[in-house]
Amino acid sequence: MKLELEINEENREEVEDFIKKINDVPKEFSRFTIVDKNKDICNLPAVKFLDKEFPDKEIMPHYSIQNHYSRKISQVADKFHHYLDKLKNTEVKNLLLISGPKERSNTSLDLLNFISKSNKQIRNFDIAVAFNPYKRKNLKEEKLRLKSKLKHDFVTEVYLQIGIEPDKFKQGVEFLRNIRNDVQIKSCLVVPNQTFLSKFKSRPWKGVNLSKEYLNDLGFAKKKTKEM
């Protein structure tokens, strides 16, 4: 089992401070993932810094269409290819493509479909996509979208959303394996502490369903995370 460390800081200075805080990165972590959470700050400086400082680690940036949005899908594709061009001088070969929390046209699936039909194919990059098996609503639609995403050969990984329901997790993995057995599966986990639980209660993440008992009882939260 390989572990990944997700870094929420984006600019180089914030990442440097973060690395100093954790000092030596445990060898169990084989990959850094860097979020794309702010349309005003591109995560490229952080990606390039980590790529240089940790040549033994994989670096996987997130790319959120919401933060690089255009009304025309061709313009969305141009921005995406421009981002990939900026990564050519690094060792980065993997990227997590997401639509973003706001529901809009021009989703990650729309971009994948557009690229596959265009003359600008994705080369030398493996694309990861997200899947949420814990959805209360529209789970059928979520599964159909995943099926469509996995029709593209350059999609090689699937990240399962954070959740605390082992049965739904297992069902999601089984569903995924029935579509494509060669795709890599990654799962996100929260390591709960009181600070995180308090922040999540006031500012929950869209698409992440954590029960009231999980958010109000640290002991219960740790138990559920251990089950996952």
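The values are calculated or read from the model by the stated rules, or taken from the named source; none is laboratory data. As the structure is a computational prediction, the values presented were derived from the model and not from experiment. Quick reminder, even Gly has a Cβ in these numbers, built from the backbone with ideal geometry, and neighbours come from all protein chains shown. The accessibility values were calculated without ligands, DNA or RNA, using every heavy atom of the protein model including side chains. Shrake-Rupley method; radii C 1.70, N 1.55, O 1.52, S 1.80 Å.
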Computed label-point distance, nm, for sites S187 and L144 using a 7 Å Cα→Cβ extension:
2.7
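Given a 1.4 angstrom probe, what's the average accessible area per residue across the chain, in square angstrom?
60
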The chain: calculated mean residue ellipticity at 222 nm from DSSP helix runs of at least 4, using -39500 (n - 2.57)
-12500 deg cm²/dmol
Among the listed pairs K48/K170; K137/K201; K48/K212; K48/K223; K170/K223; K20/K102, those beyond 29 Å (Cα-Cα)
K48/K170; K48/K212; K48/K223; K20/K102
For the chain, modelled as a Gaussian network with Cα springs under 10 Å, which listed residue fluctuates most, S64, S187, S105?
S105
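Over the stretch 24-98, what percent of the accessible surface lies on carbon and sulfur atoms, probe 1.4 Å?
On the way: 1790 of 3860 Å².
Accessible surface attributable to carbon and sulfur in the stretch 24-98 totals 46 percent.
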Please build a GNM for the chain, connecting alpha carbons under 10 Å apart, and tell me which residue among N11, N89, N38 fluctuates the most.
N89
For the stretch 99-179: rounded, prolate or oblate by the Cα gyration tensor [a/c cutoff 1.5]
prolate
Taking Cα centroids, how far is the stretch 120-184 from the stretch 70-93 in Å?
22
log10 I(q)/I(0) for the chain, Debye formula on C-alpha points only (no solvent), q = 0.09 Å⁻¹, two decimals, reads -0.39
Please enumerate, by chain and number, the aspartates and glutamates with C-alpha under 16 Å from the C-alpha of K88, excluding those fewer than 8 residues away in the same chain.
D51, E58, D78, D126
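Given the pairs K199/K222; K52/K117; K79/K135; K21/K93, which are separated by over 25 angstrom at their Cα positions?
Details: K199/K222 16 Å; K52/K117 34 Å; K79/K135 30 Å; K21/K93 27 Å.
Exceeds cut-off: K52/K117; K79/K135; K21/K93.
Tally up the carbon and sulfur contribution to the accessible surface of the stretch 110-156 as a whole percent, 1.4 Å probe, everything protein left in place.
Details: 1230 of 2780 Å².
Accessible surface attributable to carbon and sulfur in the stretch 110-156 totals 44 percent.
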Percent relative contact order for the chain, counting Cα pairs under 8 Å at least six residues apart, stands at 13
